[in-house]
Amino acid sequence: MMVCNLFFSPIFLFTDHLLLFQTDGMESDKEDDAPGSLLGVSSTPNPTSLSDLPVVSKSAVNPEIKATQRHLLYSLHFPLPLDSFFEHEINQRYMLLYGVGKTKDDAKYAVKKVNKEIMKLFSTKASMDISQGCKVRKSIKKEGYDFGNTISKFQALSIFDQQCITSTCSATVLEMLRSVANGSGNHLPLIESVAFLFDLMEIALNVHGLIEFVVQMVRELSNADGQLQQKCSMVSRLYCTAIGLYIVGILYRYHNYVVVSNEDVLNVFDALLKLVRHVDIPRECTSAERCIFFYINDLFLSCSFILKKHYDTLKPIIAMTDFSAYKDKEPEQCTVSSPYNSSIMMQYLKNPKLKVDPKHIRELNDSPEERYCFVFNAIVCTAETNDMDHLNDMSVLCAELTASCPNLSFEWLNAFKVLCNCSKMNEYSKILSHIKISDRNIYDNLAVFLLILVARRCFSLDDFILICVSGLIVPTIQDLSTIPADPEPHSRLCCHLLMHLFKYYDSPLAASSTLVNSLFTSSSRYSLTSPGPLGLSSMMSTNKSGTKAPFAIKYACDRYLLGGALNSLKIQLIITTMKAIFVLTTQLERKEAKSIFKQDKSDLDDFMKQRSGNDFGDMSFLHKVNLDPIEKQSLAEFAKQVLKQICSQDWV
């Protein structure tokens, strides 16, 4: 098993470099020309990363590249397990790369220095003390901890050293959880620090170690839950389920790897069930618990042959996760008798981190008018905000309230139905008088809001896809006189939402636009979940004033959960979506062509003059993808671009 893990090591992911260092034959004598030390071939005296190796372009590969370079690549980066069985190999590696003396000591010191800096996040001073009301003695943010510099130093190390550091940190986190579980310790790592460690392990390409870590962590977390309830009950449920949400996000991302091991499946399944055992009614819980329930159900469906003995326990969970809004009740059947109230729940929408009064949650459950006004206000606030940090937090708040009030699922779908399809009119049609659907500046805001609701399982993704498909085909209707409004802005919004929805956000900052990425140097490439030096709002303040906030999903767990929702999307719906976009594109192009050639002779002459120098018999110019910005593209060109992007996704 260990040999298998080594061969699946992330070092084999460096495809471009491996192409330069193809294995020589057994009879190769290239080593005879190499100097006595492996480091003799490097352009730097002490290479510590792949960037220190000589750079050779693929177009100018020298067939006589020294074999020593290939050996240096493997010796420098190839990871080895940190146990006593491989202690001799690790020592031999250091001897081979650095020899004996100061060079070797300096190399080890550089790794220890970075390790010490990262381990500050998991010290007792920077952790929660459950014996003192979960207080943190030393705030890493207030102390001015330089995350950007830490990441820069970490990325400069070899993959071997990176995995050594992340293995040490993960062992420390597990030991802290074990100590709390058996009553010998009182300190727990902060949620942000654990999320930061997840990011480091992904940067180090330590996928196997990450999976092992989260599997062990969810077991220890479920064991520590009992001690937390006794010593600090006020944060017990919040802390365990919040970390459980990040773990479920990782498990969704690497679900295909997890289900390979029957032992891991059983351990994860039992631990997650223990983590949410306090929930009496699965349909009324927090959004984190709701996502955990969904993953439990997905795990059961993927491995029912292993988990069939738990079927009786899972009946209420299966009933909830099989929930579809259109099966139980059509949202249009909802009627609201009282007038719209713009003040309902507004204090929470303006300050999403404010704790919601249980009285207001009861009112949402009991009153359709309260639900209607809340959804109405949330959509309007989403369109009006310019703060992406606030938008992400407000979206999470709406997801939390939906988990506590399942009937809100109907309302969200009903509201998006009006936004995406002008032919569907219901009580939420009044929203169109409060927001300008033709204003393309609000589309990114609505996309962030939608994607977080989908990621947190606030409603069925299948139902929303059907809403989008119905909205896309409206402009293709021959007689538009029966349509109460111009369908183009609604269909463009559909395309915009689908463009962001069918994009798999699988890397740090991948959910951010090019504008956000340009604000980060390569040394700061880590998840916005981590306690970084810049939030989304402060990042935007470094730009010119008045700049539109870019599309960005703040929390890494939401990006992973969104990927899990997309993975469960039925292939029939994916094909239907692509067909609808294709029909929209072709029909609009035909209408544009007909409108051009039905003009009078003078207009046609002007058109011919504009086309002078081109072969007018070739109509392919109508089908070329417009390279203008999205704001300037026609609906047909934009739809074509969206279809191209959907088809380019690997998972599609």
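Assorted remarks:
- In this simple spin-label model, placing a label point 7 Å from the Cα along the Cα-to-Cβ direction at both Ser429 and Lys120 gives a separation of 6.1 nm.
- Rounded FRET efficiency, nearest 0.05, which uses the C-beta distance separating Lys355 from Ile281 and R0 of 22 Å: 0.55
- Note on Leu82 and Ser470: with the Förster distance fixed at 51 Å, the Cβ-Cβ geometry gives a FRET efficiency of about 0.40.
- Pairwise label distance in nanometres, Ser438 with Asp462, each label 7 Å out on the Cα-Cβ vector: 3.8
- The Ser184 and Arg362 beta-carbon pair, evaluated with R₀ = 45 Å, returns a calculated FRET efficiency of approximately 0.60.
- Dipole-positive endmost among Phe196, Tyr94, Val136 within segment 81-206 (Cβ charges, Cα centre): Val136
- Flagged links, alpha-carbon separation over 31 Å, of Lys113/Lys138; Lys315/Lys353; Lys108/Lys503; Lys309/Lys417; Lys417/Lys579; Lys231/Lys355: Lys315/Lys353; Lys108/Lys503; Lys309/Lys417
- Taking 0.36 nm per residue of separation and subtracting the current Cα-Cα distance, fully stretching the chain between Lys108 and Ile306 would add 66.7 nm.
The numbers here are math on the coordinates, done by the rules we state, and not lab data. As the structure is a prediction and not an experimental result, all values here were calculated from the model. In this analysis, Cβ positions are derived from the backbone assuming ideal geometry, glycine residues included, and neighbour counts consider all displayed protein chains.
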